[in-house]
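Asker: Pasting in a structure now, in structure tokens, and then I'll have a few things to ask.
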Amino acid sequence: MSAPTSLQRVMTAIELGEPDCVPVVPQITYTTSRLTGITFREAMCSPEKMAEALVAGYRAFGYDGIYVGWESSFDVVAEAMGCTLLVPEDGIPMVAEGVVSDSNDLGKIRVADPERDGRLPVHLRAVELVRKEAGGDVPVFRYVPGPFTLAGLLRGQQKFFLDLMRNPDLVRGILNPATESSRLFAVAAVEHGANIVVVADPLASTSVISPKMFDQFAFSCIREVVTAIAEAGGVPSLHICGLTTPILKKMVDTGTRIVELDYPVDLGFAKKEIGGSVCIEGNVNPIQTLLGGKPEDVEKEARECITKAGGGGGFILSSGCEVPLDAPLENVRAMVGAARKYGRR
Ligand SMILES: [Zn+2]
């Protein structure tokens with residue numbers, strides 16, 4: 001019998017089965033620019049250069065899935081909704097300013113059309129190109145913004161956090177078009193060839209807000225996007241950075257099929273809490289280990305992740321969050337190597 005394809009391996013894990021080997025899918029996007037010798041900026045408007053780098057990463061390291069993105073999806077969608085970005089020469093852009101000054105602006109927020117607005121068509125084209133280049137045996141992952149984080153950018157984060165306590169109606173007013181923009185982009189990502197659509201909502205982390213606020217403001221919006229992904233025929237994944245231990249069950253209740261965990265969450269605990277109902281992905285420390293460590297440090301930590309969460313299947317080895325731009329690429333190779341070495345059934 002021939003070895004399963006990466007797509008089969010990942011799908012087995014999503015269906016909570018145990019594949020021949022623990023699938024490994026590092027969350028690496030712009031860092032692959034180092035392989036094709038381009039700057040971050042050169043590819044941000046070019047789906048061809050973006051796809052070329054992402055596919056080069058896949059070919060160099062042989063992981064089991066390709067994350068298609070280049071910068072934070074919430075920044076790209078915020079830009080498509082009218083926000084201005086600050087773009088460094090070779091670094092990650094940031095939203096310069098929100099578009100909602102007060103409740104009078106609510107009516108002016110435009111829902112982003114993924115086929116027309118900003119650089120959303122660039123990102124959808126990159127999904128198509130990666131899909132075509134990598135072939136049908138490799139799952140394509142695509143990030144879309146979590147509505148809560150996107151709403152925070154549209155308002156400006158400092159004001160947004162004050163609004164959570166002082167002006168919840170304004171928050172809800174911003175969450176509506178944010179959720180709709182995220183939902184439309186997510187459905188378009190499936191239509192353009194993504195197998196797995198990742199809702200990334202870092203501000204919804206319990207490192208940032210309380211579990212109660214998560215319930216009040218973030219949960220139902222995330223569930224709406226997750227549901228739309230599934231209805232479009234994609235596999236929904238939920239990525240919330242930082243600490244999420246207090247909301248693990250809530251994350252599962254959104255209907256997601258994968259829960260992506262960042263390094264502060266203990267994988268052994270998460271496996272016990274939610275491993276029976278959802279595929280878990282994570283969580284090699286992106287800064288301390290992937291950026292600051294050596295290949296042997298990565299191997300050791302990846303092995304621990306597999307030991308804690310790999311047994312019985314339903315697990316994808318990954319970084320806890322995006323692989324940093326200046327992380328040594330040998331560390332990505334070490335993560336893949338660890339899965340092949342220690343992840344065999
Ligand atoms: Zn993250």
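The values are calculated or read from the model by the stated rules, or taken from the named source; none is laboratory data. Keep in mind that this is a model prediction, so the values were computed, not measured. Cβ atoms come from the backbone with ideal geometry, glycine included; neighbour counts cover every protein chain shown.
Asker: So G337 fits all but one of (1) outside any loop (DSSP other than H, G, I, E, B); (2) in contact with a strand residue (DSSP E or B) (Cβ under 8 Å, 6 or more places away or on another chain); what number is the exception?
Answerer: Only one criterion in (1) outside any loop (DSSP other than H, G, I, E, B); (2) in contact with a strand residue (DSSP E or B) (Cβ under 8 Å, 6 or more places away or on another chain) is unmet by G337, namely (2).
Asker: To continue, here is another question. Please find, among R172, R166, R131, the residue that is of a type outside the set (S, T, Y), modelled with pLDDT of 95 or more and within 30 Å of Y58 (Cα to Cα).
Answerer: Answer to the selection: R131.
Asker: Between a first residue in the stretch 214-228 that is at negative phi and a second residue that is in a helix (DSSP H, G or I) and among the basic types (K, R), which pairs have beta carbons less than 8 Å apart while being 6 or more apart in sequence or on different chains?
Answerer: F214/K250; D215/K250; F217/R172; F219/K250; E224/R183; V225/R183; A228/R183
Asker: Going through the stretch 30-63 one residue at a time, which ones are more than 30 Å from S2 (Cβ to Cβ), of a type outside the set (A, V, I, L, M, F, W, C) and either touching a Gly at 6+ places or on another chain (Cβ under 7 Å) or touching a residue at least 12 places away in the same chain (Cβ under 8 Å) (or both)? Let's see the steps before the verdict.
Answerer: Start the filter on the stretch 30-63 by keeping residues that are more than 30 Å from S2 (Cβ to Cβ), which leaves 30-31, 33-34, 36-50.
Now drop any that are not of a type outside the set (A, V, I, L, M, F, W, C), which leaves 30-31, 33-34, 36-37, 39, 41-42, 46-49.
Of everything in the stretch 30-63, those that are more than 30 Å from S2 (Cβ to Cβ), of a type outside the set (A, V, I, L, M, F, W, C) and either touching a Gly at 6+ places or on another chain (Cβ under 7 Å) or touching a residue at least 12 places away in the same chain (Cβ under 8 Å) (or both) turn out to be Y30, T31, S33, R34, T36, T39, R41, S46, P47, E48, K49.
Asker: Right, next: Could you please let me know if L325 is within 16 Å of the ligand (Cβ to nearest atom), in contact with a Ser or Thr (Cβ under 8 Å, 6 or more places away or on another chain) and modelled with pLDDT under 95?
Answerer: yes
Asker: Restricting to the stretch 201-256, give me the number of residues that are in a helix (DSSP H, G or I), surrounded by 17 or more Cβ atoms within 10 Å (Cβ to Cβ) and within 16 Å of the ligand (Cβ to nearest atom).
Answerer: The total comes to 9.
Asker: Do the conditions hold for A188, that is, is it of a type in the set (G, A, S), under 22 Å from V130 (Cβ atoms), touching a Leu at 6+ places or on another chain (Cβ under 7 Å) and more than 16 Å from the ligand (Cβ to nearest atom)?
Answerer: Yes: the conditions hold for A188.
Asker: If we scan the stretch 264-280, do we find a residue that is in contact with a helix residue (DSSP H, G or I) (Cβ under 7 Å, 6 or more places away or on another chain) and polar (S, T, N, Q)?
Answerer: The answer is yes, given that some residue of the stretch 264-280 is in contact with a helix residue (DSSP H, G or I) (Cβ under 7 Å, 6 or more places away or on another chain) and polar (S, T, N, Q).
Asker: Follow-up. If you check G234, G173, G193, which single one turns out to be among the small types (G, A, S), in contact with a Ser or Thr (Cβ under 8 Å, 6 or more places away or on another chain) and more than 21 Å from Y263 (Cα to Cα)?
Answerer: Being among the small types (G, A, S), in contact with a Ser or Thr (Cβ under 8 Å, 6 or more places away or on another chain) and more than 21 Å from Y263 (Cα to Cα) holds for just one of G234, G173, G193, which is G173.
Asker: Could you check the stretch 122-179 and list, in sequence order, the residues that are within 30 Å of Q8 (Cα to Cα) and of a type in the set (V, I, T)?
Answerer: V122, V127, V130, V138, V140, V144
Asker: Quick test for you: out of L129, L154, L124, L150, pick the one residue that is surrounded by 15 or more Cβ atoms within 10 Å (Cβ to Cβ), in contact with a helix residue (DSSP H, G or I) (Cβ under 7 Å, 6 or more places away or on another chain) and farther than 28 Å from T32 by Cα. First the steps, then the outcome.
Answerer: On the way: L129 fails: farther than 28 Å from T32 by Cα; L124 fails: farther than 28 Å from T32 by Cα; L150 fails: farther than 28 Å from T32 by Cα.
That would be L154, the only listed residue that is surrounded by 15 or more Cβ atoms within 10 Å (Cβ to Cβ), in contact with a helix residue (DSSP H, G or I) (Cβ under 7 Å, 6 or more places away or on another chain) and farther than 28 Å from T32 by Cα.
Asker: If you take just the helices (runs of 4 or more DSSP H) that sit entirely in the stretch 94-196, which of them hold at least 3 residues that are over 30 Å from S6 (Cβ atoms)? First the steps, then the outcome.
Answerer: Details: elements: 120-134, 147-155, 157-166, 168-191.
By residue number, 147-155, 157-166, 168-191.
Asker: Oh, and also: How about the stretch 159-209: which of its residues are without any contact (Cβ under 8 Å) to a residue 60 or more places away in the chain and in contact with a Lys or Arg (Cβ under 6 Å, 6 or more places away or on another chain)?
Answerer: V197 - this is the single residue of the stretch 159-209 that is without any contact (Cβ under 8 Å) to a residue 60 or more places away in the chain and in contact with a Lys or Arg (Cβ under 6 Å, 6 or more places away or on another chain).
Asker: Give just the number: which of (1) more than 22 Å from I28 (Cα to Cα); (2) under 16 Å from the mean Cα position of the chain (by Cα) does V198 not satisfy?
Answerer: (1)
Asker: Filter the stretch 271-289 down to residues that are in a helix (DSSP H, G or I) and touching a residue at least 40 places away in the same chain (Cβ under 8 Å) and give me whichever is nearest to the ligand (Cβ to nearest atom).
Answerer: P286
Asker: Go over the candidates G313, G292, G268 one by one and state the one that is of a type in the set (G, A, S), free of Cβ contacts under 8 Å to residues at least 12 places away in the same chain and surrounded by fewer than 21 Cβ atoms within 10 Å (Cβ to Cβ). Step through it out loud before you land on a result.
Answerer: Working: G313 fails: free of Cβ contacts under 8 Å to residues at least 12 places away in the same chain; G268 fails: free of Cβ contacts under 8 Å to residues at least 12 places away in the same chain.
Of the residues listed, the single one that is of a type in the set (G, A, S), free of Cβ contacts under 8 Å to residues at least 12 places away in the same chain and surrounded by fewer than 21 Cβ atoms within 10 Å (Cβ to Cβ) is G292.
Asker: Just to confirm my filter: which helices (runs of 4 or more DSSP H) fall fully inside the stretch 1-89 and include at least 3 residues that are surrounded by fewer than 19 Cβ atoms within 10 Å (Cβ to Cβ) and of a type in the set (S, T, N, Q)?
Answerer: none
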